[in-house]
Amino acid sequence: MFEVVFLGTSASAPSIHRGLSANVVMHKEHRFLIDCGEGTQRQILQSGLGFKRLNKILLTHGHLDHILGLGGLASTFSRWEAINRMEIYGSKHTLDRVRDLLFKVVLRTAKLPIKIELIPIQPGVIFEDTTFQLSAFPVTHRGADCYGYLFQEKARRPFLNNKAQALNVPIGPVRRQLVAGQSITLEDGRVIHPDDVLGPEIPGAKLVFLEDTGRTDNLLDVAHNADALVIESTYLDADAEMARQFGHITAGQAARLAREAGVKQLYLTHLSRRYREQDVLAEATAIFPNTVVARDFDRVNVVKEK
């Protein structure tokens with residue numbers, strides 16, 4: 001399961017009720033901040049998340065409404081020492097802007113109390129553990145090297161306790177070995193294989209997360225059968241030409257992508273102040289009913305749909 005906390009859902013500039021782009025994705029002990037618009041640290045505090053373990057930051061691109069909050073966040077971290085390391089992931093173009101912001105403007109001292117590591121990414125896997133994998137994929141937007149992020153739980157085989165009991169497999173480390181895919185030998189000499197006590201493979205949850213994009217046709221594969229798709233909806237279909245000119249999409253385009261890709265749940269973000277929320281929702285749900293227009297501080301769980 002992944003948990004998503006929407007911290008900022010406005011496009012370009014904040015509104016009274018919406019902050020600039022920022023979101024947190026959590027999985028077990030891991031916490032990832034996706035984008036860091038101006039005012040993000042206040043949104044983090046107001047959400048109740050706090051700063052602990054928030055040391056991995058994924059940037060979709062280098063536009064200021066998605067990175068300007070890094071200055072304040074890094075300054076706070078360096079003074080409070082809430083964490084001792086910040087890992088900031090993004091394209092080379094994005095990290096060049098972040099480097100200027102942090103080290104030429106905000107943190108000009110030679111010795112910092114925290115380690116800040118700028119990690120350039122390419123399409124493909126950028127992080128994984130035993131339970132999930134995080135990948136970056138290219139997105140078409142204004143400027144160079146924009147990315148979205150795919151969170152994919154690894155498939156697992158459930159341990160069948162009734163079969164283990166029937167084979168007199170004792171509770172303890174030997175069962176963990178079987179779950180890990182290792183055969184064991186019992187005290188009576190019998191060899192028990194993982195297939196003897198594990199059920200069929202169960203796919204994990206799939207979360208596709210991107211912000212600004214000017215196209216959807218190149219996202220069909222990555223969004224295929226996603227349990228949740230988070231994507232921008234800066235414009236409505238009536239202004240599709242304006243959306244194209246500025247490298248954005250409409251709520252209708254996002255909904256059509258979700259429908260064609262077989263997505264289970266669609267979450268719209270990056271809303272323009274020119275539209276009413278209910279109009280954005282109406283346009284999308286007419287095409288794809290399982291749509292939610294995200295609001296600041298909404299929290300959603302992404303689980304594998306059966």
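Observations
- HIS30, sole failed condition from (1) at negative phi; (2) touching a residue at least 60 places away in the same chain (Cβ under 8 Å); (3) crowded, with 22+ Cβ neighbours inside 10 Å: (3)
- Helices (runs of 4 or more DSSP H) contained entirely in the range 1-95, each with at least 3 residues that are within 25 Å of ASP145 (Cα to Cα): 64-67, 69-80
- Residue ranges of strands (runs of 3 or more DSSP E) in the range 219-306 with at least 3 members touching a residue at least 40 places away in the same chain (Cβ under 8 Å) and within 30 Å of GLY50 (Cα to Cα): 228-232, 299-302
- The range 63-81 - residue that is of a type in the set (Gly, Ala, Ser) and in contact with a Leu (Cβ under 8 Å, 6 or more places away or on another chain) and, of those, surrounded by the fewest Cβ atoms within 10 Å (Cβ to Cβ): SER75
- Checklist (1) in a loop (DSSP other than H, G, I, E, B); (2) farther than 30 Å from HIS66 by Cβ applied to ARG108, failing item: (2)
- Breaking point among (1) closer than 28 Å to GLU87 by Cβ; (2) at pLDDT below 85; (3) surrounded by fewer than 15 Cβ atoms within 10 Å (Cβ to Cβ), for GLY181: (1)
Residue by residue, here is whether (1) hydrophobic (A, V, I, L, M, F, W, C); (2) touching a Gly at 6+ places or on another chain (Cβ under 8 Å); (3) over 24 Å from GLU305 (Cα atoms) holds:
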residue	(1), (2), (3)
ASP100	no, no, yes
LEU118	yes, yes, yes
GLU128	no, no, no
GLN133	no, no, no
ALA136	yes, yes, no
ARG142	no, yes, yes
PRO158	no, yes, no
LYS163	no, no, yes
GLY181	no, no, yes
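- Some residue of the range 91-105 being under 18 Å from the mean Cα position of the chain (by Cα) and either surrounded by fewer than 18 Cβ atoms within 10 Å (Cβ to Cβ) or not small (Gly, Ala, Ser) (or both): yes
- Within the range 111-128, the only residue that satisfies the criterion of being outside any strand (DSSP E or B), of a type in the set (Val, Ile, Thr) and modelled with pLDDT under 95 is ILE114.
- Qualifying residue in the range 93-113 (condition: under 30 Å from ASP195 (Cα atoms) and of a type outside the set (S, T, N, Q)): no
- Pairing each residue of the range 192-208 that is outside the structural domain of LEU178 (by TED's automatic domain parsing) and basic (Lys, Arg) with any residue that is at pLDDT 85 or above and crowded, with 17+ Cβ neighbours inside 10 Å, provided the two are 6+ apart or on different chains, yields C-beta distances under 7 Å for LYS206/GLN152; LYS206/ALA226; LYS206/ASP227.
- Checklist (1) crowded, with 19+ Cβ neighbours inside 10 Å; (2) at pLDDT 95 or above; (3) in contact with a helix residue (DSSP H, G or I) (Cβ under 8 Å, 6 or more places away or on another chain); (4) not hydroxyl-bearing (Ser, Thr, Tyr) applied to ALA136, failing item: (3)
- Sub-6 Å Cβ pairs linking a first residue in the range 134-153 that is acidic (Asp, Glu) to a second residue that is part of a loop (DSSP other than H, G, I, E, B), at least 6 apart or interchain, are ASP145/SER91; GLU153/GLY204; GLU153/ALA205, ordered by first then second residue.
Every residue, every condition in (1) in contact with a helix residue (DSSP H, G or I) (Cβ under 9 Å, 6 or more places away or on another chain); (2) at pLDDT 95 or above; (3) farther than 19 Å from LYS115 by Cβ; (4) hydroxyl-bearing (Ser, Thr, Tyr), yes or no:
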site	(1), (2), (3), (4)
VAL25	no, yes, yes, no
LYS28	no, no, yes, no
CYS36	yes, yes, no, no
THR40	yes, yes, yes, yes
LEU59	yes, yes, no, no
LEU64	yes, no, yes, no
LEU70	yes, no, no, no
SER75	yes, no, no, yes
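The values are calculated or read from the model by the stated rules, or taken from the named source; none is laboratory data. Model, not experiment: these values are computed from the prediction. When we count neighbours, we look across all protein chains shown, and the Cβ atoms used for this are built from the backbone with ideal geometry, even at glycine.
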